Amino acid sequence: MSAESTPESGIPDENGTNGSRHRGKGRRRKPRNKGLTVMAWTTAGIVVLGGAGAGYLYLKLNGNIKSVNIEQALGTDRPEKVDNGSENILVLGSDSRSGSNKKLGGGADDGSARSDTAMIVHVYKGHKKAGVVSIPRDTLIDRPECTDTGGATHDAASGVMFNSAYTTGGAACAVKTVESITGIRMDHYLEVDFSGFEKLIDELGGVDVTTTKDINDSDSHLNLKAGEHTLNGEQALGLVRTRHGVGDGSDLGRIQLQQAFIKALVDQVKDVGLFTSPKKLYNLADTATKAVTTDSDLGSVNKLMSFAGGLKGISSKHMTMVTMPVQYDPADPNRVIVAETQADQVWKALKDDKPIPKSATKGTATGEAKGVVSAR
């Protein structure tokens, strides 16, 4: 099986320190909560800001937005910016394991913030298509020295989990690490937390999905029978966190569930009647702007409106979602390592604004949750 979430590989045409291996139940470790990073959610939430453009509403929404100065922290030692009309956005999900997030699915409240989900969103020239590359949090990587947005420098480290970058130095270190792995410059940064995602789904009125198997996961607090469902915020959050509830119990399987959910969400956002209800529009915009953290270049309502306006025409049939090519680590079945040769094909395709070739994901490690969730 390939690591893709859809049967087609490449960019679609107009049609369209814990982990777990897929074998060896005794070696699995209890997962931490999973931070949802949903590019579609972020885009949908931001797009509606176009309906709240003046006066008190503008000031209120503008004041909700949190931003971080990534450019200053990263300095000049970065991949060259490619001026070909495309854009690359690092999208992270985070939670602090405290406050409202703590109630959303276990995990120790140790005072730290974590990001267990990361996606590189490549928006192609013309902004009609997008490619999304999920980076497994359990990937062992060499983390570069980085400076956080507070000015503190963090030493480089070898053979550490990918998600340690965010825990170590926040957004700036996460971006620095992704750029080091890929050789691709990230043009923007978007982050959303657990509780904000749950509220957003509820504001949207839920998301319709079909499941082909029962899903029962006590860690993510999700219990669904096979069939059709309208997921509320709590259930949606449980679904995108689920590992042991379906498939092989791996982080790679969880990514497959996330990717399927994102596509369902993208398709449904177009049909929820946001612009027919001013109250619904405001509530959604208020929820989205409270939950999202951006780089400073996107840190205002006007900038988000302009950015999102260029993305709103991208539907699920114009998105390809793949997982960064990885293989299980022979020394530790609870970890994965980058399949360098195939990963290089992915990064070169994105740099050149070209489709990701089928060979980039053929034969790489994958979960066993493909096809369990789909839109309805």
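Mind checking the dipole of region 102-242: about its Cα centre, +1 per Lys or Arg Cβ, -1 per Asp or Glu Cβ, Debye to the nearest 20?
So the dipole magnitude of region 102-242 works out to roughly 480 debye.
Which of HIS188, THR212, LEU200 sits farthest toward the positive end of the charge dipole of region 129-213, with +1 on the Cβ of Lys and Arg and -1 on the Cβ of Asp and Glu?
THR212
What do the square roots of 5 times the Cα gyration tensor eigenvalues come to for region 251-359, in whole Å, largest first, as semi-axes of the equivalent ellipsoid?
Values: eigenvalues 227, 59, 50 Å².
Whole-Å semi-axes of the equivalent ellipsoid: 34, 17, 16.
Going 7 Å from the Cα of ASP142 along its beta-carbon direction, which residues of region 175-195 have the amide nitrogen within less than 13 Å of the resulting point?
180-182
Identify all aspartates and glutamates with a Cα-Cα distance to LYS199 below 14 Å; exclude those on the same chain that are fewer than 8 residues away in sequence.
Cross-link targets: GLU234, ASP286.
LYS358: which aspartates and glutamates have alpha carbons under 16 Å from its alpha carbon, excluding same-chain residues fewer than 8 sequence positions away?
Candidates past the 8-residue exclusion: GLU4, GLU8, ASP13, GLU340, ASP344.
Could you report region 175-270's accessible area per residue, 1.4 Å probe, as an integer in Å²?
30
Rounded to the nearest percent, how much of the accessible area of region 223-322 (1.4 Å probe, protein heavy atoms only) is carbon and sulfur?
C and S atoms contribute 50 percent here.
Ranked from highest to lowest mean number of other Cβ atoms within 10 Å per residue, what is the order of the peptides 155-161, 234-240, 216-222?
Values: 155-161: 13.6, 234-240: 24.4, 216-222: 18.6.
Top to bottom by mean Cβ count within 10 Å: 234-240, 216-222, 155-161.
Would you please give the residues with an amide H less than 5 Å from that of ALA118, counting only those at least 5 places away or on a separate chain, with H modeled from the backbone geometry?
Under 5 Å from the amide H of ALA118: ILE135.
Please give the peptides 338-350, 116-128 ranked by average Cβ packing (other Cβ atoms within 10 Å per residue), highest first, as a rough proxy for protection.
Working: 338-350: 17.7, 116-128: 21.3.
So the order, starting with the most tightly packed, is 116-128, 338-350.
Return the FRET efficiency for the residue pair ASN216, LYS348: r is the Cβ-Cβ distance, R0 is 35 Å, and the value is rounded to the nearest 0.05.
0.25
Using the Karplus curve 6.51 cos²θ - 1.76 cosθ + 1.60 with θ = phi - 60°, work out ³J(HN,Hα) for each residue of region 219-226 in order, rounded to whole Hz, and write x for Gly and Pro.
Whole-Hz 3J(HN,Hα) from phi for region 219-226: 5, 9, 6, 10, 9, 10, 7, 4.
Among the lysines in region 208-315, how many pairs, 8 or more places apart or on different chains, have alpha carbons under 18 Å apart?
Total qualifying Lys-Lys pairs in region 208-315 comes to 9.
What's the ranking of 283-291, 188-196, 352-360 by average number of surrounding C-beta atoms within 10 Å, highest first?
Final packing ranking: 188-196, 283-291, 352-360.
At a temperature of 37 °C and a viscosity of 0.692 mPa s, determine how fast region 155-266 diffuses translationally according to Stokes-Einstein, using the Kirkwood radius over alpha-carbon pairs as Rh; express D in µm²/s, rounded to the nearest whole number.
The Stokes-Einstein estimate is 207 µm²/s.
Mind pulling the per residue volume of the convex hull built on the Cα atoms of region 157-214? Å³ is fine.
Expressed per residue, the convex hull around the Cα atoms of region 157-214 is 181 Å³.
The values are calculated or read from the model by the stated rules, or taken from the named source; none is laboratory data. Keep in mind that what you see is a predicted model, and the values were worked out from it rather than measured. Because the Cβ atoms are built from the backbone with ideal geometry, glycine has one as well, and the counts that use them run over all protein chains shown. Accessible surface areas use protein heavy atoms only, side chains included; no ligands, DNA or RNA. Shrake-Rupley method; radii C 1.70, N 1.55, O 1.52, S 1.80 Å.
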